[in-house]
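The values are calculated or read from the model by the stated rules, or taken from the named source; none is laboratory data. All values reported here derive from a predicted model rather than from experimental measurement. Glycine gets a Cβ as well: all are built from the backbone with ideal geometry, and neighbour counts include every protein chain shown.
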Amino acid sequence: MATRWKHTENLVAYVNARLLDPASGLDAKGALLSEGETIADFGPKLFADGVPEGVPVIDCKGMCLAPGLVDMRVQVREPGEEHKGTLASSGRAATAGGVTSMVCLPNTHPAIDDMSVVEFIARRARLLGLAKVYCYGAITKGLAGKELAEIGLLAESGAVGFTDGEKSVVDAQVMRRALLYSSTFPLLLIQHPEEPSLAGSGVMNAGEMATRLGLSGIPREAEIIMIERDIRLVEMTGGRLHFAHVSTGESVAVIARAKERGLAITCDTAPPYFALNEVEVGDYRTFAKLSPPLRSEADRAAIVEGLKSGVIDVIASDHAPQDEDSKRLPFSQAACGGIGLETLLAVTLGLVHNGDLKLLDALKLITVAPADVLGLPAGRLKKGAAADLVIFDPDRVWKVEAATLLSKSKNSPFDERPVQGRVLRTIVDGRTVFELDS
Amino acid sequence: MSNPHINALFPHRHLLAIEGLSSQEITLLLDIAEGYVEQNRQADKKKSLLRGRTIINLFFEASTRTRTSFELAGKRLGGDVINMTVATSSVKKGETLIDTAMTLNAMHPDVLIVRHQDSGAVKLLSEKVNCAVINAGDGTHAHPTQALLDALTIRRRKGKLAGLKVAICGDILHSRVARSNIELLTTMGAEVRLVAPKTLIPTAVERMGAKVFHSMKDGIADCDIVMMLRLQTERMQGGFFPSVREYFHFFGLDYEKLAAAKPDALIMHPGPMNRGVEIDSLVADDYGRSVIREQVEMGVAVRMACLDLLTRNLPNSDLKNL
């Protein structure tokens, strides 16, 4: 074996690893060899006779070596709100979290409803050389919910899906036409499911907590109703629709029934919705103000069940950086959102440590599953594929301390929480872009 | 009178809500307020307990009666009281809140009395200052001194709080007064009933220990106290009921509905009243049963008691001189 490699240029050997590939079900001790930007080979028997001379070796010390994470829901804030986050700061946060591909929402300023913005982001991300950045195009011009954006042209320039970001497409006729039009190519639409007239001026989940705190509540039905409506529209049009960050048990049930009927529907959730509940709001803690709001314990448990049953296809970080001025406000005035790139893996592994999911099933939700929903060439160990990898210790305990995170904004809903599972090294296109404690 | 143990009896730095106060602490506050009721009825109403202390009334939301009540309370205890009414634009007010807190803090006030239109805003501010903070009403969350003055009024008339049946009627959804009263009255062992149309009842409010009714006659049946609330139309977005006329017909307090309560039931209202909307003028002005004006009187005494107790816990307090 050692003589198989005639030249040693551009080769890097990752030895003594626990190879994990959720796409193929591989979970075995072994090694991986990268050649330049791609995976040359991997497997339990690779380097059985030793690593060829001259090949640099990275000893994984028995830790997990898996495909880099694919995060399908990230707000980078550039262009337009660089004081909250930039492609550089999000890229650093992503690599610290083991994320090698991320897809950013179009709610930038200007919005990604024009090819020039897609190209600007692609160029900036390429120059930075951190995590790979893909972006969504807007469904409607200026995210205003009225006229369709240039969906076809945006797709040609690289947009991997279409969404109005944190806004729902409220007008049923506009949504119907968007689904119909996008199905001609065919392209994926992503909906933030919330009926705004029902959510009203609500700032947290409607319930006892909101009543005690004197905060106006958003009923869970605001999400469920929008999902039920859109399922009807998918049925009508034959479009492909993905629901972002589902947060209620009933949403999962409704989506499960739609999937059983064979509709092209997928969905994701985010770590706060399976790891936290509305109690986190506590004494008006604005880091826990998210959209959708943190729900009841029963809903949290139902989301975990949705992940176990496979109805929820993907976990996305829903990374939404907000600067201090946007969060250090009375609760009802504070901005929604929490950062999540750096805690995505650790909080997801919580499902494994709690006995809810097996390690490969948990990894699937943050690697190959989002890649497959979006049609991205990522998320799996494959010869010839890009060497986008993460090495992590699944058991290492650490405490999330917002101030030490690499994200420019520090608004983590998991601040001060102990978590288990730490990224040790992140590799993008064969280059180490993050190394813990380096 | 000097009381070196008072800190242990009321060990709170701020008064932000009723939640967190024990029945003993509430009783202590009401007992001290009783003494101030008598003082306020004298010709010489002034004491020097707060001499040298600076009290700032910081009102982000207009309220003449609460502000005046706090102002009188501070002045009658000999403190220097300054009123600040902060007009705010809807977008920038959060920055103004923290900035204002920082600025005021630099001037070394001893007590800040704060009213704000957003729930939780007073707590946020209390975390940024070194002085004592009294919540004079935040959004739809809490109005602790109103609940305390209601309790004092009831206790003086009925001699107790425990075991009484109290109906709180009207716009519960938007009422911080209702939330604080539910907390206080249930802590003190009273039975609390809430009466309103379903659109004005907050979600899961029965978990706070109150019973919910949608008929005035059923709700106030056999009650000792009927507490009416103002319809907060300024907080309402969209229609919560079809018309004022219909609202009064079903939920306005008149003699016919009042007949269901105990014959000696007291009528209360935190004011200002919408006459002919939530309460009939004849009932409101029935001085045999309506204690609405007495509530205003008790307000000053209760606020004096709050200032008294909280300033004893300030770090620069000299207990020996009390």
Residue count for segment A:267-280, restricted to those that are out of contact with any Pro (no Cβ under 8 Å at 6 or more places or on another chain) and either crowded, with 24+ Cβ neighbours inside 10 Å or among the polar types (S, T, N, Q) (or both): 6
Given (1) of a type outside the set (A, V, I, L, M); (2) surrounded by 21 or more Cβ atoms within 10 Å (Cβ to Cβ); (3) away from every other protein chain (no Cβ under 14 Å), index of the condition B:T233 fails: (2)
Candidates A:V390, A:V304, A:V400, filtered to the one that is over 25 Å from A:Y14 (Cβ atoms), touching a strand residue (DSSP E or B) at 6+ places or on another chain (Cβ under 7 Å) and β-branched (V, I, T): A:V400
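Looking at segment B:60-79, is at least one residue of a type outside the set (D, E), within 14 Å of chain A (Cβ to nearest Cβ) and in a strand (DSSP E or B)?
First pass over segment B:60-79, keeping only residues of a type outside the set (D, E): B:60, B:62-70, B:72-79.
Filter once more, keeping what is within 14 Å of chain A (Cβ to nearest Cβ): B:60.
From what's left, in a strand (DSSP E or B): none.
No, segment B:60-79 contains no residue that is of a type outside the set (D, E), within 14 Å of chain A (Cβ to nearest Cβ) and in a strand (DSSP E or B).
Inside segment B:262-291, can you point out the residues that are among the hydroxyl-bearing types (S, T, Y) and without any contact (Cβ under 8 Å) to a residue 24 or more places away in the chain? Working first, answer last.
If we filter segment B:262-291 for residues that are among the hydroxyl-bearing types (S, T, Y), which is where we start, we get B:281, B:287, B:290.
Selection gives B:S281, B:Y287.
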Of the criteria (1) surrounded by 18 or more Cβ atoms within 10 Å (Cβ to Cβ); (2) out of contact with any Gly (no Cβ under 7 Å at 6 or more places or on another chain), which one A:D164 fails: (2)
Matching option when the condition is under 25 Å from A:S24 (Cβ atoms) and among the aliphatic types (A, V, I, L, M), among A:L405, A:L357: A:L357
Pairs, first over 22 Å from A:R77 (Cβ atoms) in segment A:151-171, second surrounded by fewer than 24 Cβ atoms within 10 Å (Cβ to Cβ) and aliphatic (A, V, I, L, M), C-beta under 7 Å, six or more apart: A:I151/A:L187; A:L153/A:M115; A:A155/A:L187
Residue match in segment B:98-109 (condition: loosely packed, with under 15 Cβ neighbours inside 10 Å, assigned to a helix (DSSP H, G or I), within 14 Å of chain A (Cβ to nearest Cβ) and of a type in the set (D, E)): yes
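Any idea how many residues of segment A:167-178 are over 22 Å from the mean Cα position of the chain (by Cα) and crowded, with 23+ Cβ neighbours inside 10 Å?
Quick first cut of segment A:167-178, residues over 22 Å from the mean Cα position of the chain (by Cα) only: A:170-178.
Adding the requirement that they be crowded, with 23+ Cβ neighbours inside 10 Å leaves A:175, A:178.
Residues in segment A:167-178 being over 22 Å from the mean Cα position of the chain (by Cα) and crowded, with 23+ Cβ neighbours inside 10 Å: 2 in total.
Show me the strands (runs of 3 or more DSSP E) found entirely inside segment A:1-108 where at least 2 residues are surrounded by fewer than 23 Cβ atoms within 10 Å (Cβ to Cβ). Walk me through it before giving the result.
Values: elements: A:11-21, A:26-35, A:38-43, A:57-59, A:64-67, A:69-74, A:99-104.
Hits in segment A:1-108: A:11-21, A:26-35, A:38-43, A:57-59.
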Check on B:E297, under 17 Å from B:T153 (Cβ atoms) and either surrounded by fewer than 22 Cβ atoms within 10 Å (Cβ to Cβ) or modelled with pLDDT of 95 or more (or both): yes
Number of the exception - A:Y273 against (1) over 17 Å from the mean Cα position of the chain (by Cα); (2) away from chain B (no Cβ under 14 Å); (3) part of a helix (DSSP H, G or I): (1)
Residue list for segment B:159-175, filter: more than 17 Å from B:Y247 (Cα to Cα) and touching a helix residue (DSSP H, G or I) at 6+ places or on another chain (Cβ under 8 Å): B:L161, B:L164, B:V166, B:A167
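Find the helices (runs of 4 or more DSSP H) located wholly in segment B:245-322 whose residues include 3 or more that are hydrophobic (A, V, I, L, M, F, W, C), and list them.
On the way: elements: B:255-258, B:281-284, B:292-312.
Per the criteria, B:281-284, B:292-312.
May I ask you to list the residues in segment B:114-133 that are more than 10 Å from every other protein chain (Cβ to nearest Cβ) and surrounded by 24 or more Cβ atoms within 10 Å (Cβ to Cβ)? Explain how you work it out, then say what you get.
Keep residues of segment B:114-133 that are more than 10 Å from every other protein chain (Cβ to nearest Cβ), which gives B:114-115, B:126, B:129-133.
Of everything in segment B:114-133, those that are more than 10 Å from every other protein chain (Cβ to nearest Cβ) and surrounded by 24 or more Cβ atoms within 10 Å (Cβ to Cβ) turn out to be B:V114, B:R115, B:C131, B:A132, B:V133.
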